[in-house]
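What follows is a single structure, written as structure tokens, with notes after it.
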Amino acid sequence: MGEQIDLLQGTLDLLILKTLAMEPMHGWGIAQRIQQISDEVLQVGQGSLYPALHRLEQRGWIGSEWSVSDNNRRAKFYSLTKAGARQLQKELGEWERLSAAIALVLRQQQG
Amino acid sequence: MKLFKKLRARFIKPKEQDLNDEMRFHLEKEIEANVAGGMNAEEARRRALIDFGGVQQAREAVHRVSARNVLESSLQDIRFGVRMLRKSPSFTAIAVGILALGIGANTAIFSAVNAVLFARWSIRNQQQLVAVSEPTGADKGVTLVSVPNFEDYRRQQTTFEQLSLWLGQSINLTGQERPDRLIGAFVSDNYFEMLGVKAGAGRTFLPGDDMPGANPVAVVTHKVWQTRFGGDSGLVGRQITLNNEPYTVVGILPQDLTLPFPSEVFVPAHYYTSYKVERQDKAFLLFGRIKDGTTRNQATTDLNTIAQRLVREYPKENAGIHVEIAGVQELLTQDVRTPLLALLGAVAMVLLIVCANIANLVLARGVARQREVAVRSALGAGRGRLVRQFLSESTLVAAAGGISGILLAHLLLKALQRVSPLDFPISDTAVLDLRVLAFTAGISVLTGVLFGVAPAVRFSRVNLSSALSGGSRTTGYAARDWVRSAFVVCQVAISLALLVTAGLLVRSFHGLLTMNPGFTSNHLLTMEYRLPRTKYQTGVAQSNFHRAIVSRVQQVPGVVSAAVVQSLPFSGNWDQVRLELPGRPISAGDDGFNALCDLASPEYFSTVGIPLIEGRVFSAHDDDKGAGVAIISQSFARKYFPDKDPLGSEVKIKDSHLLALAGNQATKRATIVGVVGSAKQRNVREELQPQIYFSYAQSPNIFGTLVVRTAVEPMGLSNAVRQAVWSVDKDQPVWKVRTVDFLIERDTAPDRFAMIMMSALSALALILSALGTYGMLSNAVQQRAREIGVRMALGATRSNVLKLVLLRGLTLIGAGVALGLLGAIASARLISTLLYNVSPGDITAFALAVAVMVLVGMLASYLPARRATRVDPLVALRDE
């Protein structure tokens, strides 16, 4: 396992929205998915995950409902709302512009 | 309540439940994953918990996201607070008890202050109601105004809704079963309009009622209607006999009406027996209602413009006057304002001591709670949350204290009304109204914050590792001890200041009790009467009546002697006269020489015990046929005849109502025939004034005060004396039947009240600060038991240990006394106007207060010190 990176708050929101864009998922699943896809680089602490989920829910970008998980246990599933999908597109665009800009700056300094 | 539960179920409970379920689900998934990864169940669970981080922290982080959780966590705090308080019932009981005492005392005194200083009358915008005075030069206080001046003000002013004359004087009511005296008021016909008061039945006065020649009309209060006329439904329109003349009752005031001057019957001003439309005849008080939106300054300027014109046009009668305006409320409360505010300040100080005491209790308890706080903080409770938790606990205590305080205040208020003097206007109206309840709620919350903040801040900053590792004895000891010492010092300081204040008031009151009024006040019975002018028209007739009752009363068994005087000392009656003295010409515009003046029958001086110094007292020959005579007091002789024997000198009086008979009417001269001892007249605090007496028979008056020296208990003769008066005239009412000792008591009652209250409060403060010192030292001894044990093991003797603790206590008390002396000097200055013959820096009061404080402080330190000497080194050290 490589070194883990703490996520910025805005970044975590983006990752959650992106993860939920694939399918509705419960909190644990979201954390696992982010960890897996990032090759265990991005570790999501519960102390930030659940507050983020509640924040996003309050803003109306994700919805939640209780249903039964794969092994028949009650779990709270989160899903992307229409507003959330729009927000995801917006944030993805911003992210790309931001990372491109940072990359530019960094390259300049190296060169 | 039901709705609240529903709301809670809807918003709060499921959310909390949700969150818990979600967390548990997450944890279980984590454990499963760990097991799947090859760990055993125990290890999987442990790892999962570690990965999960603080459950509490996660939950709180979620809570912080959502605003509605403030309510929820507050409810949690309160629930937790209640639980904690129930776990330590003795702390809770002591804290709530002390607090109830403090808040109760504050509430009681505040409600008295509220009822007196902010009395509500049944009057629209009562703060617009003012008294108008025409002082000359340095005169202070309310002065009387002449009818013509009033009419000029009334016509020319632009800033008042109404200006109205008022004069209070008793009015005889006859034609009923028993002759009776009513508290009367002679007022302009716009008086009720000025107050904004309407009649309950009939009408109040109409414009024109106060014109000479109008039908005589009267307005009575609801109470008079009920008590004197048996609630007669036909009273409006009926004729009644007032001062021996028929008046038609035109109106009855509403029930429960409260007015600033509580008269029983009102009649138009021009029926006042000495009503004169002359500028030099200043007889009435002038009241006014300032227009809404107009300030008192504007109104004063307005009337002063008119006054200046009056001074120019009538320089003789209006020499040197200007107009001053005072709010009626301020005027009525000016005498009691300082004592009441002093008490309010003192009781607030007691509350501060209470706060310091409870804060110290909380701090002491906090030592035991340090572990608990550390555990909660380790479990992830944020510092803000901890502070909030502590504050909600102290607020709970404060709320409980506040509620018990209100109950206690109710009882205290009853006691307060009992010790409050008769004329001291704490009436039944001193109730716990909304303003008072708001005040109590306010101070309860404030005290909760006051005694909660220090411990809260202190304990939320625990050092986790040391607190959890079990070293509770030493953690934060020094810093907390410093705070607690400061609290004790402040308590002692405040107590000392209150003790000094109380001591000064006690000394002052003692001075009042032992003051010499200039006559012998015990065994004197007195009553007043006013003859109807229509029945006793001539001065001789009036004079004959006075003489007749004196001789009848003197025959009553038990009576030593009797006399008639116009203004008995301390009765509230007094008169002043302006004189010309021989060989001392008065320049133009000068007032002449002033003296208190009284009318007396020949027996007066021997009856009350004013000693004759020189010459003679009045005799039966000093009547309308004799030449005018006067008797002066020693103070008069000293002031106006410093180097000359006054006997045989002649004074000329400048006032019209004296020496109004026969030959003396023209000359207005009287020869000084005697010098008597000086006596106090207006009140017991008065400096001796120059006094001059004239013979009743030469300056007859319809008003008289009968004064009787008795061989037995004076009030026991009141009926016999009254019967003797009625044997002269069965229709003549007498009133104000009382003893001279009662008059003195009444006069000193506010002082007595202030003294009792201040003593009670300072005693309370003393006890509380002694408890505070004791508690603080006991706790310190407990905490330092190990240190003391070590000292003793190393050879310290019991007396060394005793000294150690005593010294510590005395240091605190010494610091408190030093600080308190500064406070005492300041507070003594604040109450200096209440003191009689005692300087605010009175050494005796200061020394006594310091002695009491130090003694009590030593006792409070000695008990814990003695306990410290009983520390068993073995037991104390075994813990190690």
(request) Provide a whole-number value for the mean count of partner chain Cβ atoms within 10 Å of the Cβ atoms in peptide A:38-48. (result) 3
(request) Could you calculate the FRET efficiency of A:Asp39 with B:Ser74 from 1/(1 + (r/R0)^6), where r is the beta carbon distance between them and R0 is 35 Å, rounded to 0.05? (result) 0.20
(message) I want the antiparallel fraction of DSSP beta bridges within chain B, as a percent rounded to 5.
(response) 80 percent
(request) For the protein assembly as shown, would you read off the P(r) tail past 54 Å as a percentage of all alpha carbon pairs? (result) 44 percent
(request) Please report, in debye to the nearest 20, how large the charge dipole of the range B:532-731 is about its Cα centre when each Lys and Arg carries +1 at its beta carbon and each Asp and Glu carries -1 there. (result) 220 debye
(request) Quote the FRET efficiency, to the nearest 0.05, computed for B:Ser839 versus B:Leu802 with a Förster distance R0 of 60 Å and r equal to the Cβ-Cβ distance. (result) 0.90
(message) Suppose each label sits 7 Å from its Cα in the direction of the beta carbon; what would the B:His222-B:Ser832 distance come out to in nanometres?
(response) 4.8 nm
(request) Run the dipole for the protein assembly as shown about the Cα centre, Lys and Arg Cβ at +1, Asp and Glu Cβ at -1, nothing else charged, and hand back the magnitude in debye, nearest 20. (result) 2760 debye
(message) At 222 nm, what value in deg cm²/dmol follows for chain B if DSSP H runs of at least 4 each add -39500 (n - 2.57) and the sum is divided by all its residues, to the nearest 500?
(response) -18000 deg cm²/dmol
(request) Calculate, in nm to one decimal, what B:Asn40 and B:Ser606 gain on full extension: separation in residues at 0.36 nm each, minus their alpha carbon distance. (result) 192.2 nm
(request) Sort B:547-554, B:669-676 for me by packing, meaning the mean count of neighbouring Cβ atoms within 10 Å per residue, highest on top. (result) B:669-676, B:547-554
(message) Starting from the 7 Å offset along Cα-to-Cβ, what nm value, one decimal, do you get for the label separation of B:Ala620 and A:Thr11?
(response) 12.3 nm
(request) For chain B, find the longest principal axis of its Cα atoms and tell me its angle to the long axis of helix B:383-419, 0 to 90°, nearest 10. (result) 30 degrees
(message) Please enumerate, by chain and number, the aspartates and glutamates with C-alpha under 20 Å from the C-alpha of B:Lys803, excluding those fewer than 8 residues away in the same chain.
(response) B:Asp481, B:Glu787, B:Asp872
(request) Calculate how steeply helix A:46-59 sits against the longest principal axis of the alpha-carbon atoms of chain A, using the helix alpha-carbon long axis, and give the answer as 0 to 90 degrees to the nearest 10. (result) 80 degrees
(message) For a distance above 15 Å, tell me the whole-number percent of Cα pairs in the range B:259-318 that qualify.
(response) 68 percent
(request) Starting from the alpha-carbon convex hull of chain B, give the projected area averaged over all orientations, in nm². (result) 51.2 nm²
(request) Report the FRET efficiency, 1/(1 + (r/R0)^6), for B:Asp292 and B:Gln17, where r is their Cβ-Cβ distance and R0 is 56 Å, rounded to 0.05. (result) 0.40
(message) For the pair A:Asn71/B:Leu794, report the inter-label distance in nm, with labels modelled 7 Å from Cα in the Cβ direction.
(response) 6.4 nm
(request) Could you pull out the pairs from B:Lys535/B:Lys730; A:Lys76/B:Lys29; B:Lys198/B:Lys223; B:Lys282/B:Lys316; B:Lys644/B:Lys668; B:Lys639/B:Lys680 whose alpha carbons sit more than 19 Å apart here? (result) B:Lys644/B:Lys668
(request) Could you tell me which of B:Phe487, A:Ser79, B:Asn779 has its Cα farthest along the dipole of the protein assembly as shown towards the positive end, charges placed at Cβ (Lys, Arg +1; Asp, Glu -1), taken about the Cα centre? (result) A:Ser79
(message) I want the antiparallel fraction of DSSP beta bridges within the range B:135-322, as a percent rounded to 5.
(response) 75 percent
(request) Take every residue in peptide A:51-60, count the Cβ atoms of other chains within 10 Å of its Cβ, and give the average of those counts. (result) 3
(request) Answer with one residue from A:Leu88, A:Val105, A:Gln32: the one whose Cα lies farthest towards the positive end of the charge dipole of the range A:9-110, charges on Cβ with Lys, Arg +1 and Asp, Glu -1. (result) A:Leu88
(request) Note down the Stokes-Einstein diffusion coefficient of the range B:231-341 in µm²/s, whole number, using a Kirkwood radius over alpha carbon pairs, 37 °C, and 0.692 mPa s. (result) 180 µm²/s
(request) Provide the gained length on full extension for the span B:Ala348 to B:Arg120, in nm with one decimal, where the gain is 0.36 nm per separating residue minus the Cα-Cα distance. (result) 79.7 nm
(message) What is the angle, in °, between the Cα long axis of helix B:843-869 and the longest principal axis of the Cα atoms in chain B? Nearest 10 is fine, range 0 to 90.
(response) 20 degrees
(request) Ignore the peptide's own chain and count Cβ atoms of other chains within 10 Å of each Cβ in A:65-71; give me the average, rounded. (result) 1
(request) For chain A, give the magnitude of the charge dipole about the Cα centre (Cβ charges: +1 Lys/Arg, -1 Asp/Glu; no others), in debye to the nearest 20. (result) 380 debye
(request) Could you order peptides B:217-225, B:557-565 by the average number of other Cβ atoms within 10 Å of their residues, highest first? (result) B:217-225, B:557-565
(request) Please list B:300-310, B:495-505 highest first by mean number of surrounding beta-carbon atoms within 10 Å per residue. (result) B:495-505, B:300-310
(request) Would you be so kind as to identify which of B:Ala711, B:Leu848, B:Asn125 lies farthest towards the positive end of the dipole of chain B, taking Lys and Arg as +1 and Asp and Glu as -1 on Cβ and the Cα centre as origin? (result) B:Leu848
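None of the figures in this text is laboratory data; all of them are computed from the coordinates on show. Bear in mind that the values here come from a model prediction, so they are computed numbers and not experimental data. With ideal geometry, Cβ positions are generated from the backbone for all residues, glycine too; neighbour counts draw on all protein chains shown.
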